[in-house]
1. Of the conditions (1) in a helix (DSSP H, G or I); (2) under 16 Å from Val5 (Cβ atoms), Phe27 fails just one. Which one is it?
2. Looking at the structure I just gave you, is Phe89 surrounded by 15 or more Cβ atoms within 10 Å (Cβ to Cβ), farther than 24 Å from Ala12 by Cβ, at pLDDT 95 or above and touching a strand residue (DSSP E or B) at 6+ places or on another chain (Cβ under 6 Å)?
3. What about Glu11, is it touching a strand residue (DSSP E or B) at 6+ places or on another chain (Cβ under 8 Å) and among the charged types (D, E, K, R)?
4. Among the listed residues Thr42, Thr47, which satisfies the condition of being closer than 19 Å to His95 by Cβ, of a type outside the set (A, V, I, L, M, F, W, C) and modelled with pLDDT of 95 or more?
5. Give the residue that is modelled with the lowest pLDDT, with candidates limited to residues of segment 60-85 that are under 19 Å from Glu6 (Cα atoms) and surrounded by fewer than 16 Cβ atoms within 10 Å (Cβ to Cβ).
6. Would you mind telling me which numbered condition in (1) farther than 18 Å from His95 by Cβ; (2) surrounded by fewer than 19 Cβ atoms within 10 Å (Cβ to Cβ); (3) β-branched (Val, Ile, Thr) Val56 fails?
Amino acid sequence: MSQNVEVSHNEAEQRYEIRVDEVLVGFATYFPRGEALVFNHTEIDPTYGGQGLGAVLIGSAMAMVKEAMVKEEASWKVVPRCSFVASWFQRHPEHADLVA
């Protein structure tokens with residue numbers, strides 16, 4: 001049985017959320033600072049650990065940040081204060097242009 005995985009931006013809560021079969025299983029929080037988004041925490045429900053959902057969450061969040069930058073003609077940068085986000089950028093150098 002395959003799972004339906006969806007990532008969304010919850011702007012009111014200042015976080016990106018990941019759901020599996022419509023159940024919230026994780027999130028990455030951020031706060032704006034000038035023209036930067038400071039990602040300060042990523043959390044995945046331990047029940048769903050080891051499935052790569054954290055990487056899916058951050059990868060999708062960075063794609064959404066880039067999409068929003070194009071749409072809004074902005075030039076935001078990402079400050080990876082969260083160690084998981086920082087390690088994601090190390091594994092994905094093709095997105096280094098986003099890092100402040």
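1. Here Phe27 clears every test but (1).
2. Against the criterion (surrounded by 15 or more Cβ atoms within 10 Å (Cβ to Cβ), farther than 24 Å from Ala12 by Cβ, at pLDDT 95 or above and touching a strand residue (DSSP E or B) at 6+ places or on another chain (Cβ under 6 Å)), Phe89 qualifies.
3. No.
4. Just one listed residue meets the conditions, Thr42.
5. Filtering first and then ranking leaves Ala68.
6. Val56 satisfies all of (1) farther than 18 Å from His95 by Cβ; (2) surrounded by fewer than 19 Cβ atoms within 10 Å (Cβ to Cβ); (3) β-branched (Val, Ile, Thr) except (1).
Per-residue answers, yes or no, for (1) free of Cβ contacts under 8 Å to residues at least 12 places away in the same chain; (2) basic (Lys, Arg); (3) out of contact with any helix residue (DSSP H, G or I) (no Cβ under 8 Å at 6 or more places or on another chain); (4) on the phi < 0 side of the Ramachandran plot:
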| residue | (1), (2), (3), (4) |
| --- | --- |
| Glu6 | no, no, yes, yes |
| Arg19 | no, yes, yes, yes |
| Ile44 | no, no, no, yes |
| Ala63 | yes, no, yes, yes |
| Lys66 | no, yes, no, yes |
| Trp76 | no, no, no, yes |
| Phe84 | no, no, no, yes |
| Gln90 | yes, no, yes, yes |
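The values are calculated or read from the model by the stated rules, or taken from the named source; none is laboratory data. All figures in this text were calculated on a predicted structure; none of them were measured in a lab. Cβ atoms come from the backbone with ideal geometry, glycine included; neighbour counts cover every protein chain shown.
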